1. For the stretch 4-9, in order, what is each residue's ³J(HN,Hα) by Karplus, 6.51 cos²θ - 1.76 cosθ + 1.60 with θ = phi - 60°, in whole Hz (x at glycine and Pro)?
2. Work out from phi, with θ = phi - 60° and the Karplus expression 6.51 cos²θ - 1.76 cosθ + 1.60, the ³J(HN,Hα) of each residue of the stretch 88-94, listed in order in whole Hz, and give x for Gly and Pro.
3. Would you please state which residues of the stretch 23-67 a label at Lys91 would reach in this model, taking the label point 7 Å out along Cα→Cβ and a backbone N cut-off of under 14 Å?
4. Quick one: what does P(r) look like for the chain with 10 Å bins over all Cα pairs, in whole %?
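Coordinate-derived values only; no laboratory data. Note that the structure is a prediction, hence the values are computed from the model and not measured. No Cβ is skipped: glycine too gets one built from the backbone with ideal geometry, and neighbour counts run over all protein chains shown.
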Amino acid sequence: MSNFEFFFYLFVYASILTYLVLGFIISFEAMLLLNEVPSAIEWVRKWHKASGFKTMLILFLPMLQLSYLFLERLPYYMGLSDTPTPFDLDKIFFTAFPKGGV
């Protein structure tokens with residue numbers, strides 16, 4: 001294995017793991033916002049700007065949908081919750097930033 005190949009694989013694996021870890025964090029924040037948890041609303045307002053949070057919602061959409069499946073839909077299908085909250089990106093964003101981030 002050459003140095004170029006080593007650093008190429010290092011970059012690829014580091015990028016994938018970074019996406020998964022950040023996506024996991026953002027998806028948990030989004031699921032808490034979807035259920036309108038007050039401490040999550042404060043957390044997102046404190047640590048994110050509106051434009052950056054909107055970009056992260058779009059960038060990590062596959063992770064959001066995966067976490068929605070496991071945290072909302074699967075418990076509903078198993079009979080652990082009465083009704084699942086509908087997945088809505090606009091609701092997630094406007095829960096954290098009601099005026100659109102202005």
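1. 4, 5, 4, 6, 5, 5
2. Result, ordered by residue: 8, 5, 5, 5, 4, 5, 6 Hz.
3. 30-37
4. 15, 39, 26, 13, 6, 1
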